[in-house]
Amino acid sequence: MTSLGLLQIANFLIPLLIIPIITRVLGTAIFGQVSYAQNIVSYLTLVVNYGFEYSATHQIAIAGNDKEQQQRIFWSVVYSKIVLLFISALILLILILSIDRIGVDWRLYLYTALINIGVVFFPTWYLQGVQDMQKMAWINFVIKAVGALLVITLIHRAEQYRLYPLILSLSSIAVGIGAFIYVIKHYKIEFVPIDTATLKQTLAPGGVIFLNQVFVSLYTTVNFTLLGVYLSDGDLGIFSGAQRIILAANACVVLPISTAVFPEMSRLYADNKEQAKALFRRVLLLSGAASAMVGGIIWLLAPWIIRILLGADFMASVHPLRMMAILPCLVMTATILTVQGLYGRGLQRYAPYIGAILATLCIGLNILLIPRIGIDGAIWAWIAAEICEIILVGSILYRNRTCSI
């Protein structure tokens, strides 16, 4: 958990800490433009990941000491992610040619999308499966910190705003390729031909998770996408400032706990269901308490957090940040129920239906509320979707008796 926490600090908190400098250079409007580009590219990243961070992690964990099986899974995932990278590039090209807002500043979106090359090669899923994240977490942290220093050093004028996502993308590529080489050498992974059976075996469980993550992405990021339709770039900057703090809190608190426990939970559900249930209850209780504490701190210290992290120009972000303060607890609870409960127990078949319901609810609420109450509407839609996920997943787990909550 500590290693994964360090990894998420590098991925989310370091970029957040350089925002006070970036926002003072770029201003809220241009910062809103950059944030919108990152929002659009997040959908492409979803395509490249394809749910492998859970499905491939599960398969590597189950493979155990079967070296040959691990190698087949490894190269199947890498091959699949490279193909998905080309598909995401084609999608970006279509967006550039068909949407004026994207096409007029295509370099910004291209530089932002380069981050997906790093996503392809960073075998986080493999390292999680074998539960060896320490070295990679430190290397990732150092390189991302160097990237942050380059941003601070090189960007001095608003006209240089495209350098910001470009440097972040290049640091991600460096980490990804370095981690890829390390894993191959350290674990002595030899290349094996990619056979159709293994490829299908690799893609099948990931497809269900991917479909669910598409729906999850719709109700967690579509709010920002739709805000770009109705509000100005300045308003996008205000919302993005608060949202980034919440996403950083989620990444540094929620993801490390969930991803660290997932391989062990998968094995326990396969070998000893009673122990799996006991671990599930402990994780749910402790993680819920920890995330609730984080949310309380964010609500209480919101004005100071905004002033320190984002600067005086972003004080309008205090209100949306306080509204979002409940989200770490809701996201933590929903993530533990979904990942450790549904995925860990092998109940992925329910995930797309849940995701479809949540996506429909959230998109509908966003379309209904954003034109009327703006940023507040996007936040209420997000909160409602998380609560609905907790209720739906909790009900399914109770009916299937996969856990005792």
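The values are calculated or read from the model by the stated rules, or taken from the named source; none is laboratory data. Predicted, not measured: the structure shown is a model, and the values here were computed from it. In this analysis, Cβ positions are derived from the backbone assuming ideal geometry, glycine residues included, and neighbour counts consider all displayed protein chains.
Among ALA384, ALA356, which is at pLDDT below 90 and either under 20 Å from SER217 (Cβ atoms) or in contact with a Pro (Cβ under 7 Å, 6 or more places away or on another chain) (or both)?
ALA356
In region 66-105, what count of residues is obtained for those that are out of contact with any Leu (no Cβ under 7 Å at 6 or more places or on another chain) and closer than 30 Å to LYS188 by Cβ?
Selection size over region 66-105: 19.
Quick test for you: out of LYS144, LYS185, LYS200, pick the one residue that is touching a residue at least 12 places away in the same chain (Cβ under 8 Å), basic (Lys, Arg) and either in a helix (DSSP H, G or I) or surrounded by fewer than 23 Cβ atoms within 10 Å (Cβ to Cβ) (or both). Full working, then the answer.
Values: LYS185 fails: touching a residue at least 12 places away in the same chain (Cβ under 8 Å); LYS200 fails: touching a residue at least 12 places away in the same chain (Cβ under 8 Å).
The unique qualifying residue is LYS144.
Among the numbered criteria (1) more than 17 Å from LYS81 (Cβ to Cβ); (2) of a type outside the set (S, T, N, Q); (3) assigned to a helix (DSSP H, G or I), which single criterion is violated by GLU190?
(3)
Listed here are the residues, each with its yes/no results for (1) among the aromatic types (Phe, Trp, Tyr); (2) buried (at least 23 other Cβ atoms within 10 Å of the Cβ); (3) in a loop (DSSP other than H, G, I, E, B).
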position: VAL25; (1), (2), (3): no, no, no
position: ALA29; (1), (2), (3): no, no, no
position: GLY32; (1), (2), (3): no, yes, no
position: THR45; (1), (2), (3): no, no, no
position: ALA56; (1), (2), (3): no, yes, no
position: ALA61; (1), (2), (3): no, no, no
position: ASN65; (1), (2), (3): no, no, yes
position: GLU68; (1), (2), (3): no, no, no
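Mind checking which residues of region 176-210 are closer than 15 Å to TYR54 by Cβ and of a type in the set (Val, Ile, Thr)?
Hits for region 176-210 are THR202, VAL208, ILE209.
Which residues, counting only those in region 310-348, are hydrophobic (A, V, I, L, M, F, W, C), more than 16 Å from GLU386 (Cβ to Cβ) and surrounded by 21 or more Cβ atoms within 10 Å (Cβ to Cβ)?
Within region 310-348, LEU310, PHE314, LEU321 meet the criteria.
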